Amino acid sequence: FVLFISMLFLTLLLFFLALFPGAFNCCTKISDEIPKGILRRAERFEIQQADGLCHLEAVILYIEGRKFCVSPQIKKVKKWMKKNKHKIPRKKTHGRKQRRSKIIKRKKKKQ
């Protein structure tokens, strides 16, 4: 009997997750302050509306696979979102080394 109840519960849980995939991906708390370093390192963002499954309006910033939930009313965040509204998520390259090698190759082609 216990096995039947646990299987029923597991089935209902999987059914719920299939119907509402964002149910466990909502921000439940938001920060009213944000360090500049967080904004500089943000790779992309999403806006969470206070409707449907998520009951809190928030901006979700993604940094190195982690998410940070902040208030959409913060002036720094509003300004950053306006500046980065076309920011496309992508894998980061290894910074200066790759950029520098591209610049060197371009200079060699020009000569």
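The values are calculated or read from the model by the stated rules, or taken from the named source; none is laboratory data. Fair warning: this is a prediction, and the values are worked out from it, not measured in the lab. Positions of Cβ are backbone-derived with ideal geometry, glycine not excepted, and every protein chain shown enters the neighbour counts. Note: areas computed on protein heavy atoms with side chains; ligands, DNA, RNA excluded. Shrake-Rupley method; radii C 1.70, N 1.55, O 1.52, S 1.80 Å.
The table below lists the values:
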quantity	calculated
Mean separation of Cα contacts under 8 Å, 6 or more apart, over the residue count of the range 26-91: relative contact order %	33
Prolate/oblate/rounded call for the range 26-91, Cα gyration tensor, a/c under 1.5 rounded	prolate
Packing-based ranking, highest mean first, of 4-13, 50-59, 31-40 given that Cβ atoms within 10 Å are counted	50-59, 31-40, 4-13
Protein accessible area in the range 26-91, 1.4 Å probe - carbon and sulfur %	53
